[in-house]
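Each reported figure results from applying straightforward, stated rules to the coordinates on display, with no laboratory input. Keep in mind that what you see is a predicted model, and the values were worked out from it rather than measured. Positions of Cβ are generated from backbone atoms using ideal geometry, with glycine treated the same way; all protein chains shown enter the neighbour counts.
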Amino acid sequence: RKGQRIQMLQRALGLLEGYYGKDRADEYANTLNVLTTMAILAGEVGDFGTVKELSERAIVVQRRHSGPAHPTTLMSCCLLVCSQLKLGEVSEASGLLDEVISVAEQTEFMPAL
């Protein structure tokens, strides 16, 4: 069932890339929502390489458009940390987690991390 949802989201991503253009698709909220949802589902089925790839892609745009302290940016960073840990990339995960905690502590709100 999750595999079917991932396939549907991959199709949706392809449609968005076709509509907006592959080079510009990530600039739109619809695409970021699909990327994040795909990353979450990929994690649920144990595909942590895909979680890492999709999270990294989303983080670049989220930091640029929403800033590093935005809850969705921090959530994507946490997804990336989890994928890095599952892939054995402990030092990378530790560094990013330190960054996320530092950013979250400096904000007026504390998202559920």
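Projecting the Cα positions of 16, 54, 77 onto the charge dipole of the stretch 5-108 (unit charges on Cβ atoms of Lys, Arg, Asp and Glu, taken about the Cα centre) puts 16 furthest along the positive direction. Between residue 65 and residue 40, the distance separating the two model label sites (each 7 Å from Cα on the Cα→Cβ line) works out to 1.7 nm.
Using the Cα coordinates of the stretch 1-102, the gyration tensor eigenvalues translate into equivalent-ellipsoid semi-axes of 23, 18, 9 Å, sorted from longest to shortest. With a cut-off of 18 Å on the backbone N, the residues of the stretch 25-68 near the modelled label site 7 Å out from residue 1 along Cα-Cβ are 38, 40-46. Legend: calculated FRET efficiency, residue 10 to residue 91, from the Cβ-Cβ distance at R0 = 25 Å, rounded to 0.05, equals 0.20.
Amide H contacts for residue 45 (H built 1.01 Å from N in the peptide plane; partners 5 or more residues away or on another chain; cut-off under 5 Å): none found.
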